[in-house]
Amino acid sequence: MQDDYKAAIQLVSQWIADYQDTVESYPVLSQVKPGKVLSQLPLQPHRTSESFEKIFTDFKSIIVPGITHWQHPQFFGYFPANSSPPSVLAEMLIASMGVQGMSWATSPAATELEIRVMEWLRDLFDIPSQFTGVIQDSASSSTTIAMIVAREKITDFYINENGYMNHQLVAYCSEEAHSSVEKAAKIIGLGRKNLRKVPVNEQQEMDVSILDQFIQEDIQSGKKPFFITGVFGTTSSTAVDPLKGISVLAKKYQLWFHVDAAYAGAALMLPEMRVLADGINEADSIVINPHKWLFTTFDCSTFFIRDKEALVRTFSLLPEYLKTPEGDSVTNFRDWGLGLGRRFRSLKLWFVIRWYGIDGLQKKLRTHIEMSQKLESWIHEHPHFEVAAQRHFNLVCFRLKASDAINMQLMQTLNESGHLFLTHTKLNGKVVLRMVVGQTDVQERHIEDAWLRIGKIGEILIQNIG
């Protein structure tokens with residue numbers, strides 16, 4: 001059996017290496033129809049064991065055709081969920097060791113590596129040393145955690161002990177904030193109606209004057225404002241909220257200030273980009289996802305918090321079966337988030353940072369931004385297309401100068417071709433196509449090919465209108 005396992009490892013390792021070399025040969029968007037994969041799976045599992053060769057054959061024939069290839073260099077949709085060779089290697093080791101890093105005692109290296117790697121990232125992002133970092137699974141969890149800690153601080157930890165007792169809490173975010181903020185409000189018992197969404201300007205930035213107005217109205221009506229989310233790089237267009245202005249109001253009204261920098265926060269590694277984040281260091285908590293634009297496989301969300309003691313007090317529980325001789329002399333990350341169990345995520349970051357080095361990571365980020373600038377210039381020069389939002393980073397929002405329906409048809413035709421993949425949003429009431437130049441191995445030839453295809457189909461659609 002051990003020999004079979006070793007042979008299987010070699011087979012899988014070779015497939016992984018080949019996949020990274022040949023991923024461009026796959027259609028970016030899976031071409032299967034709904035139910036196709038399901039129809040090939042038996043209703044009941046086999047009672048006897050099957051050979052790995054048979055399992056792996058089915059993987060290649062059934063599963064792979066049903067995969068949308070996020071690591072394809074012409075995957076331009078959503079935000080990337082990047083991988084990279086060092087991250088894949090780390091994941092193989094993580095899976096092999098099966099570490100459950102809930103406490104220092106369960107694997108000291110997992111805890112202490114996380115402490116150091118988070119210090120590295122804090123410094124690379126130019127976040128003040130007053131912040132402490134911990135790895136969560138996603139920005140959704142990080143934002144929920146921030147909102148819970150803020151809730152407990154404003155109520156002097158009353159709700160953790162007694163539950164909600166008509167506290168009339170209210171939180172704020174912009175209309176362009178990620179849906180995870182609204183989900184957090186639902187999860188923690190705040191309620192969607194007590195999350196006030198502040199209008200944005202034409203650049204999709206939160207209107208701070210209206211935020212101030214909302215806060216004053218809520219105070220006058222007997223409510224208790226306690227939490228504001230500012231966004232550094234919105235999901236639709238990577239707009240940047242006026243973080244400095246938000247921080248002033250947060251201090252004025254003594255509110256928790258959380259910054260969602262899940263995607264664009266990686267750009268803080270570039271000194272020239274930090275001017276866009278003026279005010280971020282006044283936050284109480286910040287989330288940045290290396291599994292988006294720092295070439296680390298999902299899941300890996302880095303969460304930085306100013307008041308570590310409040311975080312631990314909010315989530316700490318110590319039943320007898322979790323007590324260890326080290327006591328409070330060590331860090332136990334089980335008390336720093338929602339879950340007890342924890343994956344060894346820091347190993348991925350350690351591998352990635354060391355493999356590329358600071359210079360290599362910065363070069364990749366700058367290259368992505370430069371390629372997006374070129375794409376933007378091509379769009380400006382085309383008579384039938386227009387740029388639809390201010391570009392700050394490596395996301396270009398554009399549209400065909402036609403109806404929303406035609407733009408959706410353009411996107412659908414491109415995606416169904418299998419050559420590239422785009423997603424859309426709505427900005428200022430119009431359908432807009434989003435093209436994110438951020439996949440780990442994307443090159444300028446991929447951008448040129450995509451733009452030629454976009455332009456060609458766009459021309460056909462415009463001619464058909466005429």
Let me have the 222 nm mean residue ellipticity of the chain computed from DSSP H runs of 4+ only, each contributing -39500 (n - 2.57), with the sum over all residues rounded to the nearest 500.
-13500 deg cm²/dmol
Give me the dipole magnitude in Debye, nearest 20, for segment 92-212 about the Cα centre, with unit charges on the beta carbon: positive for Lys and Arg, negative for Asp and Glu.
500 debye
Rounded if a/c is under 1.5, else prolate if a/b is larger than b/c, else oblate: which is segment 71-174, with a ≥ b ≥ c the root eigenvalues of its Cα gyration tensor?
prolate
Test of understanding: what is the full-extension gain from residue 416 to residue 60, defined as 0.36 nm times their sequence separation minus their Cα-Cα distance?
126.0 nm
Can you bin segment 99-343 into rounded, prolate or oblate? Criterion: square roots of the alpha carbon gyration tensor eigenvalues sorted a ≥ b ≥ c, rounded for a/c under 1.5, prolate for a/b above b/c, oblate for the rest.
oblate
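Taking the DSSP beta bridges in the chain as the whole, what percent of them are antiparallel, to the nearest 5?
If we restrict to bridges inside the chain, about 60 percent are antiparallel.
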Rounded to the nearest 5, the percent of DSSP beta bridges in segment 99-343 running antiparallel is 40 percent
What shape does segment 329-462 have by the C-alpha gyration tensor, where a ≥ b ≥ c are the square roots of the eigenvalues, rounded means a/c under 1.5, and otherwise prolate means a/b greater than b/c and oblate the rest?
prolate
Just how large is the dipole of segment 320-423 about the Cα centre, in debye to the nearest 20, putting +1 at every Lys and Arg Cβ and -1 at every Asp and Glu Cβ?
320 debye
Assuming a viscosity of 1.002 mPa s and a temperature of 20 °C, what translational diffusion coefficient in µm² per second does Stokes-Einstein assign to segment 1-114, Rh being the Kirkwood radius over Cα pairs?
124 µm²/s
Spin-label model distance (nm) - residue 160 vs residue 330, 7 Å beyond Cα toward Cβ
2.2 nm
Can you give the FRET efficiency for residue 443 and residue 377, using 1/(1 + (r/R0)^6), R0 = 22 Å, r = Cβ-Cβ distance, to the nearest 0.05?
0.80
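What percent does the relative contact order of segment 369-465 come to when contacts are Cα pairs within less than 8 Å and at least six residues apart?
On the way: 120 pairs, mean separation 26.9, N = 97.
Relative CO of segment 369-465 lands at 28 percent.
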Specify the longest stretch of the chain that does not include any exposed loop site, a site being one of the GluC sites (Glu not before Pro) with a non-H, G, I, E, B DSSP assignment and at most 11 other Cβ atoms within 10 Å.
203-466
Positive-end residue, the chain charge dipole about Cα centroid, Cβ charges, pick of 72, 226, 17:
226
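Using the beta-carbon distance between residue 217 and residue 183 and R0 = 25 Å, what value does 1/(1 + (r/R0)^6) give for FRET efficiency, to the nearest 0.05?
0.50
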Can you give the relative contact order of the chain as a percent, counting alpha carbon pairs under 8 Å and 6+ residues apart?
21 percent
Once the Cβ-Cβ distance between residue 313 and residue 19 is put in as r, and R0 is 45 Å, what FRET efficiency do you end up with, to the nearest 0.05?
0.50
Only Lys, Arg, Asp and Glu count, each charged at its Cβ (+1, +1, -1, -1), so figure out the dipole size of the chain about its Cα centre, rounded to 20 debye.
720 debye
How high is the relative contact order of segment 305-427, given as a whole-number percent (alpha carbon pairs under 8 Å, six or more residues apart)?
12 percent
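Read-outs throughout are calculated quantities, based only on the coordinates presented, and are distinct from any laboratory measurement. As the structure is a computational prediction, the values presented were derived from the model and not from experiment. With ideal geometry, Cβ positions are generated from the backbone for all residues, glycine too; neighbour counts draw on all protein chains shown.
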